[in-house]
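**Q** A single structure is presented below for examination.
We did not get these values from a lab; they are worked out from the coordinates using the rules stated. Fair warning: this is a prediction, and the values are worked out from it, not measured in the lab. In this analysis, Cβ positions are derived from the backbone assuming ideal geometry, glycine residues included, and neighbour counts consider all displayed protein chains.
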Amino acid sequence: MSLPVVRASVRQVVETTYHDSDLSPAAGAQKRMREGAAAHQSRQKEGARRETAYRAEQALSADYETDTLTLHVSGRADGLFTREDGITVVEEIKLGVKDNPLIPAHRAQAAIYGHMLCARDGLSGVRLRILYVDEQGEGVACYEEDAEEQTLQETFRTLCAAACVWEEAMLARRRVRDVSLDALPFPYDSYRVGQRRFAAGVYVAIRDRKRLFAQAPTGIGKTMAALYPALRALGEGKCSRVLYLTARTTGRKSATDALAFLQGRGAKLFAVEIAAKDKLCPQERRDCRAEVCPYAEGFYDRLPDAVSEALSGGVWDRTRIEELAQKHRLCPFELALELAQRADVVVCDYNYVYDPFVAIDALLTGGAVLLVDEAHQLAPRVQESRSAKLNLRELTESRREAGQEMGRKSRLYRAMTDVLHALRELAQTEAFASGELEKPPEALCGAMDALLDAAGSALEDGAGQAAAQAFTLAAAWQYAASHFDERYAVLTSGGEKNAEIELFLLCAAKDILDRSKKAKGTVYFSATLAPFDAAGQMLGRMDGDACLMLPSPFLPEQLHARWKSIDLRYAAREQSAPRVAELIQTHFAQNSGNTLVFFPSYAYLEQVCAQLGQVDGVRMLREARGMREDEKNALLSAFQCGDERVALLCVLGGAFSEGVDLVGERLKNVIVISTGMPQPNARVRAMQRYYDALGANGFDLCMTLPGMVRVIQAAGRLIRSETDTGTLLLIDSRYGRRRERDILSQTLIGQALYSGNS
């Protein structure tokens, strides 16, 4: 019987024994990685010039066996070459300073590569060279030693044995897990309408390593229908990890609640939730330097005990992780990231897979499965994470703050001044004014590169918020500029005093598809994913992708839907406000219970409110821009069953359009004003032109469909269970158009609206 194979990188094996003690600030780590990569490349080019048959980035591997597993260790040696005297040299290149001392971990890495090379080529020994270089690739320190194969093998085995202690514990836990999942029944007495079909589709997608696009309406129990078959597939060895991705806190809670429920039914799981760093940080002012943060100092020294405790299993949601982190004096966010790489199930935001700055590639290695909840939000999120914008006024304010924090003679202040100068000069050009820039301007890109270095250095030295913002801005710009191709557009606006330039990703399909190719199956699901041809254009399609349209489990009779025809095109909104206010008042007079009223914008909300005034017997609440989570929750808490009627006036596509669950008598009415089309700004127009050039219907993809998604999501707040009933009022003449009717007809809303149930 063959032993199970566990895969690990050379770095992972070495870090089991040799590791840093303290956490490093993320910006500083990124800066060092960037500089290190550049230094590596520079040195490797120099090595190729000086040495005959110099081989850079050479793939090597070797196996180590215990009684219970085979550890397959692999990696890429920085450089290999054979000298004129016949001695083979294994070169490990590291970023360092003048007279950098030899770091034991770096020597250990070189030794492992030396053993791998000897085993592969039948060598009796090699020369190990650990070369430290500066940012330009110039050598600043060098350590060499001759090592026999027997000694190298002993080093390899010692390091692997230490790594296998963890791996054997993980393997034993997984055996228990697999037995429990094999015996795990569906946790409810029966499946809901559409739930069994969805669960079967998820399982097949994982089994066949395909992608599934599923429209899963509210009420079918989509969270459990996605997780249960994925866990069964996990127990059967068809995947190594399940990643449940969502855009909202409410989505993460639904997933962790479902996992806890399955645990109560016998599933022996190790599940981890990753919450946002800002929400997890226990410090009043976030500063990740070890000399300032007690949770960063000595982090890796205390980490093993916390990991050992967590490996006992269970669902480690935000609360439990915070408690564990406090017990062991660890940064809770970094602890969550460490645990996630060992977990069976990870519940997290899209960013940890799709955002180039925060994605954890290790989560996708080894055969992970992606369950992407509320998938209609994925493409816009990925576009945002890979685009970059510079605004003259905001930059000026950021520079002022940097001057206050670090002084006007600081490197950061001077770098920001150079960026401002480059942007002002650019704003005076005809190409900027006409919007005809076809690629990122070289002078501005050069200034932004310098700003990135200055901000990274400032953060390493303990700078504050201004440096952090500058680093984030510059990093985003550098990413977009370095990946700029036909999928990007340069958008400009304003003049010399209010100039704005953006490198905007027009279509994220390739980026999303590239990530999904690394997974052993991907399931995109949402209540608003159809039509699937449009979803495929936004998310990327491949041959063999499956689509699944599930019916609503609710009956049209539960929803009393009406449509009122008023011209709500942008140009007519001022004239329409009195009529809309009148319809709202009439609705309040004719219908009891609490109401959500969705407006196309904050501006139009204010226009209508000025006409609406106070309505007797109705407590009027309003959504405001930039509301905190606690403020949103306070508004929702007002939706109770009682004598007082509550109406919340909010914005389509805002905080209350999705993820709000007001079951039963808490919500009886929804009013949706407009068809939700986005404002045709520069972004939307550029996207429209892009899709038109591809032969698609740009207006449909960029205007009609996003608008109807907003409408369906907002209206979906109303009927949340088999016993719910309610009244829906749609206000806009465009609901009579064929395209809008076609889209709505695939939903409970359309069935109620156009079937005579109005």
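**Q** Given a Förster distance of 22 angstrom, what is the FRET efficiency for Lys518 paired with Asp355, based on the Cβ-Cβ distance and rounded to 0.05?
**A** In this case the efficiency is close to 0.90.
**Q** With each pseudo-label sitting 7 Å past Cα toward Cβ, what's the Gln58-Glu297 distance in nm, one decimal?
**A** Between Gln58 and Glu297, the label points sit 4.5 nm apart.
**Q** Which ³J(HN,Hα) values, rounded to whole Hz and listed in residue order, are derived for segment 607-623 from phi using the Karplus coefficients 6.51, -1.76 and 1.60 in 6.51 cos²θ - 1.76 cosθ + 1.60 with θ = phi - 60°, glycine and proline given as x?
**A** 4, 5, 4, 4, 8, 6, x, 8, 9, 4, x, 10, 8, 8, 10, 10, 6
**Q** Let me have the relative contact order for the chain, percent, based on Cα pairs under 8 Å that are six or more residues apart.
**A** 12 percent
**Q** With labels modelled as points extended 7 Å from the Cα through the Cβ direction, what inter-label distance (nm, one decimal) is found for Ser745 paired with Lys327?
**A** Inter-label distance under the simple model: 5.8 nm.
**Q** Figure the gain on full extension for Glu582 and Ala172 (residue separation times 0.36 nm, minus the Cα-Cα span) and round it to one decimal in nm.
**A** Stretched out fully, the Glu582 to Ala172 stretch lengthens by 140.9 nm.
**Q** Using 0.36 nm per residue, how much length does the chain from Ala161 to Arg562 gain when fully extended, once their Cα-Cα distance is taken away?
**A** 137.4 nm
**Q** To the nearest 10 degrees, how steeply does helix 411-427 sit against the main Cα axis of the chain, on a 0 to 90 scale?
**A** It is inclined by approximately 50 degrees.
**Q** Another question, then. Among the listed pairs Lys279/Lys632; Lys279/Lys517; Lys279/Lys668; Lys222/Lys668; Lys253/Lys279, give every one whose C-alpha distance is greater than 26 Å.
**A** Check vs 26 Å cut-off fails for Lys279/Lys517; Lys279/Lys668.
**Q** Another question, then. Sorted by mean Cβ packing within 10 Å, highest first, what order do the peptides 279-288, 466-475, 699-708 take?
**A** The densest-packed peptide leads the list: 466-475, 699-708, 279-288.
**Q** Using a Förster distance of 60 angstrom, determine the FRET efficiency expected from the C-beta separation of Thr429 and Ser190, and round it to 0.05.
**A** The value I calculate is 0.35.
**Q** Give me Thr249, Thr256 ranked fewest to most by other Cβ atoms within 10 Å of their Cβ, as a rough exposure proxy.
**A** The fewest-first ordering by Cβ neighbours comes to Thr249, Thr256.
**Q** Now, a different point. List the extent of the Cα atoms of the chain along each of their three principal axes, largest first, rounded to whole Å.
**A** Projected onto the principal axes, the Cα atoms of the chain cover 94, 69, 51 Å.
**Q** What is the fewest-to-most order of Asp545, Asp305 by other Cβ atoms lying within 10 Å of their Cβ?
**A** If I rank by nearby Cβ atoms, fewest first, I get Asp305, Asp545.
**Q** Expressed as a whole percent, how much of the Cα-Cα distance distribution for segment 556-753 exceeds 19 Å?
**A** Result: 60 percent of Cα pairs exceed 19 Å.
**Q** Taking the Cα atoms of segment 355-407, report the difference between the largest and smallest coordinate on each principal axis, in whole Å and largest first.
**A** Sorted from largest, the Cα extents of segment 355-407 read 50, 25, 14 Å.
**Q** So for the chain: antiparallel DSSP bridges make up what percent, rounded to the nearest 5?
**A** 35 percent
**Q** Hey, fewest Cβ within 10 Å first, where do Arg386, Arg741 land in order?
**A** Arg741, Arg386
**Q** Still on this structure, I have one more. For Lys389 and Thr249, what is the calculated FRET efficiency with R₀ set at 25 Å and r taken between the beta-carbons, to the nearest 0.05?
**A** 0.45
**Q** Same structure again: Between Glu722 and Leu694, what length in nm is gained on full extension when 0.36 nm per residue of separation is reduced by their alpha carbon distance?
**A** 5.8 nm
**Q** Using amide H atoms built in the peptide plane, which far-off residues or other-chain residues are under 5 Å from Phe270 H to H?
**A** Gly314, Asp344, Val345
**Q** Still on this structure, I have one more. Under 5 Å between amide H atoms, partner at least 5 residues away or on a different chain: which partners does Gly125 have, H built in plane at 1.01 Å?
**A** Under 5 Å from the amide H of Gly125 lie the amide H atoms of Glu149, each far enough along the sequence or on another chain.
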